[in-house]
Amino acid sequence: MIKKTAYFLLLMICFAGVLIFTVCTLSKSAGYGLKSRVILGDEQFEQYEPLLKDKRVALFSNHSGIVGDKITLSDGRIQYGGFVSSAENDFSLIPFGKDLSGKSVSYGDHVLDLLISHGINVTTIFCPEHGFRGTEDAGTIIANSVDEKTGVPIRSLYEDDMNHTINPKNMEFFDTLVIDIQDVGLRYYTYYITLYYLIDECAKNQKQVIILDRPNPNGFYVDGEILRDECKSGVGLLPLPTVHGMTLGELALMINGEGWLSADKNACDLTVIPCKNYTHQTKYALVRAPSPNIKDMRSVYLYASTCFFENTIVSIGRGTDFPFEVYGSPCFFALSGADFSFEPKSMPGAVNPPFLGEKCYGIDLRSKPIEEIFAAGCDISYLLDAYHKAKIVGKKTKFWGSLRLKNYYWIDLLSGSSKLREQVESGLSAEEIKKGWQSDITSFRNLRKPYLLYEE
């Protein structure tokens, strides 16, 4: 009997070993680490349900509000967000919405459906730039509508060209605002600006705000120049570096605690439901495009560097399948080091892209080692390279495009001041430019410490 028991135990141990090995292999092949998966704020319904009882609830979200970032692969397996690209396994070019085999995935419940299924009285949806479904071009005017599935009114915050704030009359439709939206952690990514206007209005009207926090895919570093007041615009509102490294929950706590709201310091009744098993060194991968021109994780990582080309004579690939992962210009034809070419076309999310139908010549960053992209952070070398090419072809004076708001170029609004443009023109190296940011970055890191919810 003892021998049979020992044999059975040995057999079970061997079976367990094989099972663990199989799971490890499958996890590695799918790009998912073996650490505990990140639990998003929206999954922790029991934490915020008591705050919503008997309340009229408004939801600020869009297509990215998938509960737990849950997806079903083409073979029926369930997966969640969070896989990490590395030098050994570079999954950064897998298009959002596809699995490793290139087949489409299906998504789990949206937070709106979760709330309604639990009897929460959702009276209003607020949608940001790109609309509730995330398909509209950048800056496009978006009309109010109704969610077809639930019948809940959708109130656009992009009703016109100038004002991207909440209409005061819409404050009477709710008691509590719930926020669940995927940001990418960059100062010129506009979702945090919409969040600011919403919580500012809520603070002035004594409305409760609950943020269901999500990881910041660029949350593992801080980089770039701090925005100066004179360059505040629709692509930069707060005194943050280009890459602030905070989740939306942390950023909202900072906005409230630092007195950046017009209603004064700590004026907002704010609750954040933090993620579990997340730190600022977690390179969390998204499962869905947060906006139409962010099409894979590589574009999420390169966005901090290539977005500086917006409204210059250089295209960053809008109107292609790889925006923010390339840069080029029609005027770089036949230049040495600009042997890659692409031609922007009209497509959803980029109906009328820059250089539509023109062949652009430049650089393809899709083969750049992912670890180098991580290490470079906000990489100015691409901007310097393109500016040098423009000088060679006699386009230096036209490089930055035309003057925009307040007689600043678009690069000034994106970078935070006229300083970066002037440094590029003066011939400073990328290392010299980035060295000049370090003192302000250190000060910002110290300023944000009291508001961090996750280990650095």
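Below, the figures for the structure above:
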{"quantity": "Positive minus negative residues near Pro50 (Lys, Arg vs Asp, Glu; Cβ under 15 Å)", "calculated": "-3"}
{"quantity": "Inter-label distance, nm, simple model (7 Å from Cα along the C-beta direction), Asn311/Leu447", "calculated": "2.3"}
{"quantity": "Sum of -39500 (n - 2.57) over DSSP H runs of 4+, divided by residues of the chain (222 nm, nearest 500)", "calculated": "-8500 deg cm²/dmol"}
{"quantity": "Heavy-atom accessible surface of the chain: percent carbon and sulfur, 1.4 Å", "calculated": "54"}
{"quantity": "Pair Ser86, Ser429: separation of 7 Å Cα→Cβ label points (nm)", "calculated": "3.2"}
{"quantity": "Whole-Hz ³J(HN,Hα) from phi, Karplus 6.51 cos²θ - 1.76 cosθ + 1.60, for segment 379-395, glycine and proline x", "calculated": "9, 8, 4, 5, 5, 5, 4, 5, 5, 4, 5, 4, 5, 4, 8, x, 10"}
{"quantity": "Length-normalised contact order of the chain in % [C-alpha pairs under 8 Å, at least 6 apart]", "calculated": "16"}
{"quantity": "Spatially proximal aspartates and glutamates relative to Lys395 (Cα-Cα < 14 Å; intrachain offsets below 8 disregarded)", "calculated": "Asp385, Glu425"}
{"quantity": "Spatial separation of Cα centroids for segment 245-290 and segment 342-376, in angstrom", "calculated": "30"}
{"quantity": "Lys, Arg +1 and Asp, Glu -1 on Cβ, resulting dipole of the chain about Cα centre, debye, nearest 20", "calculated": "740"}
{"quantity": "Scaled radius of gyration (Cα, divided by 2.2 N^0.38 Å) that the chain gives", "calculated": "1.04"}
{"quantity": "Karplus 3J(HN,Hα) series, Hz, for segment 350-363 with 6.51 cos²θ - 1.76 cosθ + 1.60 (x for Gly, Pro)", "calculated": "8, 5, 9, x, x, 6, 3, x, 9, 7, 9, 10, x, 10"}
{"quantity": "R0 of 45 Å, Cβ-Cβ distance Glu343-Ile78: FRET efficiency to nearest 0.05", "calculated": "0.70"}
{"quantity": "Derived scalar couplings ³J(HN,Hα) [segment 64-73; Karplus, 6.51 cos²θ - 1.76 cosθ + 1.60; whole Hz; x for Gly, Pro]", "calculated": "6, x, 7, 4, x, 6, 7, 9, 10, 6"}
{"quantity": "Heavy atoms of Phe355: accessible area, 1.4 Å probe, square angstrom to 10", "calculated": "50"}
{"quantity": "Gained length - Glu148 relative to Ser36, 0.36 nm times residue gap less alpha-carbon distance", "calculated": "36.7 nm"}
{"quantity": "Under 5 Å, built H, 5+ apart or other chain: amide partners of Ile94", "calculated": "Met297"}
{"quantity": "Amide H partners (placed H, <5 Å) of Ile179, local residues excluded", "calculated": "Phe60, Ile210, Ile211, Leu212"}
{"quantity": "Sites Gln47 and Asn167, calculated FRET efficiency, Cβ-Cβ separation with R0 35 Å, nearest 0.05", "calculated": "0.70"}
{"quantity": "Cross-link pairs Lys55/Lys265; Lys276/Lys434; Lys204/Lys295; Lys283/Lys449 - those with Cα-Cα distance over 30 Å", "calculated": "Lys276/Lys434; Lys204/Lys295"}
{"quantity": "Distance between modelled label sites at Lys359 and Glu230, nm, 7 Å Cα→Cβ extension", "calculated": "4.3"}
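The values are calculated or read from the model by the stated rules, or taken from the named source; none is laboratory data. As the structure is a prediction and not an experimental result, all values here were calculated from the model. Positions of Cβ are generated from backbone atoms using ideal geometry, with glycine treated the same way; all protein chains shown enter the neighbour counts. These area figures cover heavy atoms from the full protein model, side chains too; ligands, DNA and RNA do not enter into them. Shrake-Rupley method; radii C 1.70, N 1.55, O 1.52, S 1.80 Å.
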